[in-house]
Amino acid sequence: MADRYLSFTGTAPGRFLTRRLGLPQPAPLKRWSERSTSLGGPLLHLTAGKSDLELAPVLARTGLAAGTESGARSGAEKPAAVVLDATGVRDVGTLGEVHAALHPVVRSVAASGRVVVLGAPLDTDDHHQCAAQQALEGFTRSLGKEIGRGRTVNLVRLTDADAAESTLRFLLSPKSAYVSGQVIGIGIGIGIGDGEVTAPAAWDRPLAGRTALVTGAARGIGEAVAETLARDGARVVVLDVPAAEADARRVAERLGGTALALDITAADAGERIVDALPDGLDVLIHNAGITRDRRLVNMPAERWSSVLEVNLASVLRTTDALLAGGALRPGGRIVATASIAGLAGNAGQTNYGASKAGVAGLVRSLAPRALAEHRVTVNAVAPGFIETKMTAAVPLFIREAGRRMNSLAQGGLPADVAETTAWLAHPASGAVNGQVVRVCGQSLLGA
Ligand code: NAI
């Protein structure tokens, strides 16, 4: 269902009218395509406090030319991205340098541009430092809500710039158009050690030689994920229910992969995947999901259990089976699909919200162990309002509210979830572990 409001505000009369009425102003987002692979304009590298990060070589490899502060201040060269290294912020005094660095340049950031703030881990005994570092989260999320014009603001906590290269490349590219207001930890967190970070032979085909299985990939977000992983070089296995086999085959044929007709809730689903992939796999994407909405008072047990079975129990079962059987090769990646409904809650979705919060719990507990024991990372994406058949069926007013109630004032596309998944599946994302990353345009629902 086309977003007519977004098209309308793109016209001169539409812009005039909606501004006068104080209505949301969604900006068309610059997304990745074969013809538009970069944000274009220069990148401005700023620092607050004294930093030990070796950031410049990594930023140079993003391919964005270096911008200058004076250029940005005069508006002569609008930066497409600003990276503020605030890892050296240790107290309220040095926190002031965040304001001093960004205040003069933020206005000049190009439309659909990026602000990426870098912070230090919070595991410090110095409560002044911890306060100042946590302050960066409130800062980032607030700036994300006010910056407008399709620009995004995210915070990355890190100790090693090289381990963050895949993340910085993602955030500083059109691939992250719908990711805003996120706090992403690299190589840090409770018990989460540095993972294996393997720079790919070619950054534009990072998954070459790898096999990826995507559940629920016959249509919707899963189809987009399969497409994006195939673009990145993976051999994809398109798994979907037997009733969707024809569609799964069509997707697989287009992508040069194979289809696997299988209901993921089958007790032996794990073994059947292992049988279908005797050489093992590298990337496992748990995307299949269903909704059976009803308020709890009206919800029969069958609606509860079917959602919990598909969205959570089968994710747990197949993950266990593939890890225990050694089917996921070392350096492997598991990406599960949560939802902002699981983080914020949603009326009529006690079953769905429970299942998706459960996915976040699975990630939290399994991530450190899977990395230590199998050298496999475990992360989740949490989509917000994504333009799919599922959301097209939502009644008009609820749909409009879902689309506008985020900092970018529009819905995301399946490709936005797919790009985020591809970043987590990347061989150089081995230090990204135990994260639940929202792809929601900084939805007002939840944190
Ligand atoms: P969709 O309904 O278009 O596609 C889901 C696919 O999963 C279908 O092809 C379906 O046949 C397959 N599937 C369902 N049960 C299965 C089973 N037992 N075994 C194998 N395959 C099964 O859904 P959509 O919108 O593409 O969503 C994909 C994922 O993203 C789901 O996990 C959903 O909960 C999640 N999500 C979607 C959001 C949205 O706005 N569309 C928002 C938040 C999360």
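Each reported figure results from applying straightforward, stated rules to the coordinates on display, with no laboratory input. What you are looking at is a predicted structure, and each value in this text was computed from that prediction instead of being measured. Here the Cβ positions follow ideal geometry from the backbone for every residue, glycine too, while neighbour counts run over all protein chains shown.
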**Report entry** region 31-186 - convex hull of the alpha-carbon atoms, volume per residue in Å³
**Finding:** 98
**Report entry** Translational diffusion coefficient (Stokes-Einstein; Kirkwood radius from C-alpha pairs) of region 237-298 at 10 °C, 1.306 mPa s, in µm²/s
**Finding:** 120
Query - When region 395-447 is reduced to its Cα atoms, the Kirkwood hydrodynamic radius in Å - result: 12.6
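In deg cm²/dmol and to the nearest 500, what is the mean residue ellipticity at 222 nm of the chain if only DSSP H runs of at least 4 residues count, each as -39500 (n - 2.57), divided by the residue total? Intermediate values should be presented prior to the final figure.
Working: 17 runs with 170 residues, N = 447.
Rounded to the nearest 500, it is -11000 deg cm²/dmol.
Around Gly348, with a cut-off of 12 angstrom between Cβ atoms, what is the net charge of the other residues, counting Lys and Arg +1 and Asp and Glu -1?
On the way: positive: Arg292, Arg294, Arg295, Arg303; negative: Asp293.
Overall, the nearby charge balance is +3.
What is the dipole size for region 211-439, taken about its Cα centre, with +1 at each Lys and Arg Cβ and -1 at each Asp and Glu Cβ, in debye to the nearest 20? It would help to have the intermediate numbers written out before the result.
Working: 23 positive and 22 negative charges, 133 e Å.
I would put it at about 640 debye.
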Query raised in the report: Between region 365-414 and region 238-313, what's the alpha-carbon centroid distance in Å?
Result: 18
Query - Positive-end residue, the chain charge dipole about Cα centroid, Cβ charges, pick of Ala382, Pro395, Pro174 - result: Pro395
Requested in this report: Compute the convex hull volume of the Cα atoms of the chain, divide it by the residue count, and report the result per residue in Å³ as a whole number.
Outcome: 149
Query raised in the report: How do 411-424, 3-16, 163-176 rank on mean C-beta neighbours within 10 Å, highest first?
Result: 411-424, 163-176, 3-16
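Which order do peptides 63-69, 41-47, 223-229 fall in by mean Cβ count within 10 Å, highest first?
Numbers: 63-69: 16.3, 41-47: 20.7, 223-229: 26.6.
Per-residue mean Cβ counts within 10 Å order the peptides as 223-229, 41-47, 63-69.
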Report task. Just the number, please: percent antiparallel of the DSSP beta bridges in the chain, rounded to the nearest 5. Result -> 5
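Hey, any idea what Rg/Rh is for region 208-262, computing Rh the Kirkwood way over Cα pairs? Numbers along the way, then the final one.
Working: Rg = 9.5 Å, Rh = 10.3 Å.
My calculation of the ratio gives 0.93.
Provide Rg over Rh for region 256-343; use the alpha carbon set for both Rg and the Kirkwood Rh (inverse mean inverse pair distance). Numbers along the way, then the final one.
Working: Rg = 14.8 Å, Rh = 14.4 Å.
With Rh from the inverse mean 1/r over Cα pairs, Rg/Rh is 1.03.
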Report summary line: Convex hull around the C-alpha positions of region 211-439: the volume in Å³ per residue is 119
